[in-house]
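Here's the structure we're looking at; comments come further down.
The values are calculated or read from the model by the stated rules, or taken from the named source; none is laboratory data. What you see is a predicted model, and the numbers here were worked out from it, not measured in a lab. Every residue, glycine among them, receives a Cβ derived from its backbone with ideal geometry; neighbour counts consider all protein chains shown.
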Amino acid sequence: MVIVIGAIAGLSLLGGLATWALTRGIETRYPPTGRFVEIGGGRLHYADTGPADGNGRIAVVLLHGASGSHADPMLALGDRLSKRHRVVAFDRPGHGWSERIDGPAAAAPARQAAILQEALARLEVDRAVVVAHSWAGALLPNLALADPGRVVGAVYLAPVTHPWPGGGIGWYHHLATAPGLGWLMTRTIATPIGALVLDDVTRTVFAPQEPPADYLERARVRLALRPSAFRANSEDMTGLYAAVSAQQERYREIRVPTVIISGDADPIVRTDIHSRGLARDVPGARLVILPGVGHMPHHAAPDLVVAEIEALATRFAAAE
């Protein structure tokens, strides 16, 4: 027994040292590149590009999915959109370089929506088309319902919006959020193992497409491997099923012009359940299904996504 305990302690120490070294290396390699906005309880990291008064002062706000940061949607859409629009892309609470404002309570999509609503007000983003990918698709309905004067259009990219059969998520998310054990796991084995499997996981997320060249580097994906970000992401995931189950009945109250863009070959989020369900529930929503496209439509069809965003912005500007 003493030998077993000693072996476990030794492996934990090695894992802890490896995690510390990898985390230091990641943070040195990918420092903050944007700005910080202070709100009640902490600060959020964000990028802000393009003309401040582009297209009638209608901004475009980009919200990333799970295990990501603002760098992913900016990589796919930022340059295209910033020619005409002010583009504001956030690291969601606990991700990238944003603080986990409210701690575990920030896992709730409604709470993240409230945090971002405050941030948008601080940044004087008065009117915006908000674009949400994957997990952030559960956040956006809350923002659209709470602040329809600010959110003049909503674009969902492969969103998670409805309960799915079984409600299953990766087992490691449950482990990472378990009392005590989660702290140990995220500080000993999660980062080293995550670094080893990151290439394969990324290819799975993009399937059947291939990731863009040098995607891991340009999208700064390794930031998600740090213990704090890994745990924040797992907290987001473990509460997601209950959140969308509770909020789905309110989608019919949404009056914000809505576009949903998803691929029919998405292996991560089932388009028939989520995207078609949202199109059914939100009055007047427009559904765009991309044949043969997986979970990353903004990378697979960026020109189409930008065209839909700009159509919403133009529609609102014309209605004024």
Item to check | Residues that are under 30 Å from LEU304 (Cα atoms) and under 18 Å from the mean Cα position of the chain (by Cα), drawn from the range 170-206 | outcome: LEU198, VAL201, THR202, ARG203, THR204, VAL205, PHE206
Checklist entry - Residues in the range 276-293: is at least one more than 21 Å from TRP164 (Cα to Cα), out of contact with any helix residue (DSSP H, G or I) (no Cβ under 8 Å at 6 or more places or on another chain), touching a residue at least 12 places away in the same chain (Cβ under 8 Å) and of a type in the set (D, E, K, R)? => result no
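Regarding ARG111, is this residue in a loop (DSSP other than H, G, I, E, B), within 16 Å of the chain's Cα centre (by Cα) and under 13 Å from GLY41 (Cα atoms)?
no
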Next on the checklist: Going by what's in this entry, would ASP272 be described as of a type outside the set (Ser, Thr, Tyr), farther than 30 Å from ARG127 by Cβ, part of a loop (DSSP other than H, G, I, E, B) and over 20 Å from the mean Cα position of the chain (by Cα)?
Outcome noted: yes
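If you check GLU124 against the conditions, is it in a loop (DSSP other than H, G, I, E, B), acidic (Asp, Glu) and more than 19 Å from ARG222 (Cα to Cα)?
Details: in a loop (DSSP other than H, G, I, E, B): yes; acidic (Asp, Glu): yes; more than 19 Å from ARG222 (Cα to Cα): yes.
Yes: the conditions hold for GLU124.
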Checklist outcome for this item: Within the range 24-34, residues being of a type outside the set (Phe, Trp, Tyr), surrounded by 12 or more Cβ atoms within 10 Å (Cβ to Cβ) and in a loop (DSSP other than H, G, I, E, B) number 3
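Looking at the range 101-114, which of the residues that are among the hydrophobic types (A, V, I, L, M, F, W, C) and either touching a Gly at 6+ places or on another chain (Cβ under 8 Å) or more than 13 Å from ALA136 (Cβ to Cβ) (or both) is surrounded by the fewest Cβ atoms within 10 Å (Cβ to Cβ)? Give the steps one after another, and end with the answer.
Filtering the range 101-114 for residues among the hydrophobic types (A, V, I, L, M, F, W, C) gives 101, 105-108, 110, 113-114.
From what is left, the residues that are either touching a Gly at 6+ places or on another chain (Cβ under 8 Å) or more than 13 Å from ALA136 (Cβ to Cβ) (or both) are 101, 105-108, 114.
Numbers: ILE101: 21, ALA105: 13, ALA106: 23, ALA107: 23, ALA108: 22, ALA114: 21.
By that ranking, first place goes to ALA105.
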Item to check | Residues that are farther than 20 Å from VAL130 by Cα, buried (at least 21 other Cβ atoms within 10 Å of the Cβ) and touching a Phe, Trp or Tyr at 6+ places or on another chain (Cβ under 7 Å), drawn from the range 253-276 | outcome: none
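Does the range 114-134 contain any residue that is under 23 Å from ASP266 (Cβ atoms) and of a type in the set (Gly, Ala, Ser)? Lay out the reasoning, then the answer.
The initial filter retains those residues of the range 114-134 that are under 23 Å from ASP266 (Cβ atoms), namely 129-134.
Now narrow it down to the ones that are of a type in the set (Gly, Ala, Ser): 132, 134.
Scanning the range 114-134 turns up at least one residue that is under 23 Å from ASP266 (Cβ atoms) and of a type in the set (Gly, Ala, Ser).
Give me a count of the residues in the range 175-184 that are surrounded by 15 or more Cβ atoms within 10 Å (Cβ to Cβ), of a type in the set (A, V, I, L, M, F, W, C) and within 16 Å of THR238 (Cα to Cα). Walk me through how you get there before you give the answer.
Just the residues of the range 175-184 that are surrounded by 15 or more Cβ atoms within 10 Å (Cβ to Cβ), to begin with: 175-177, 182, 184.
Then drop every residue that is not of a type in the set (A, V, I, L, M, F, W, C), which leaves 175-176, 184.
Retained after the next criterion (residues that are within 16 Å of THR238 (Cα to Cα)): 175-176.
Final tally of qualifying residues: 2.
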Next on the checklist: Just checking, does the range 187-195 include any residue being basic (Lys, Arg) and within 21 Å of SER67 (Cβ to Cβ)?
Outcome noted: yes
Checklist outcome for this item: Requiring at least 1 residues that are under 17 Å from the mean Cα position of the chain (by Cα), the strands (runs of 3 or more DSSP E) wholly within the range 35-87 are 42-49, 59-63
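Collect the residues in the range 202-249 that are in a helix (DSSP H, G or I), surrounded by fewer than 16 Cβ atoms within 10 Å (Cβ to Cβ) and touching a residue at least 40 places away in the same chain (Cβ under 8 Å), keeping them in residue-number order. First the steps, then the outcome.
Taking the range 202-249 first, the residues in a helix (DSSP H, G or I) are 202-206, 215-218, 221-225, 227-238, 240-249.
Checking which are surrounded by fewer than 16 Cβ atoms within 10 Å (Cβ to Cβ) leaves us with 203-204, 216-218, 228, 242, 245-246, 249.
Within the range 202-249, THR204, ARG218, SER228, SER245 meet the criteria.
In the set MET185, MET237, which member is at pLDDT below 95 and not polar (S, T, N, Q)? Steps first, please.
Numbers: MET237 fails: at pLDDT below 95.
Only one candidate passes the filter, namely MET185.
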Checklist outcome for this item: Scanning the range 84-100 for residues that are crowded, with 24+ Cβ neighbours inside 10 Å and among the aromatic types (Phe, Trp, Tyr) gives PHE90
Checklist entry - Quick one: is THR191 buried (at least 18 other Cβ atoms within 10 Å of the Cβ), among the hydroxyl-bearing types (Ser, Thr, Tyr) and touching a residue at least 12 places away in the same chain (Cβ under 8 Å)? => result yes
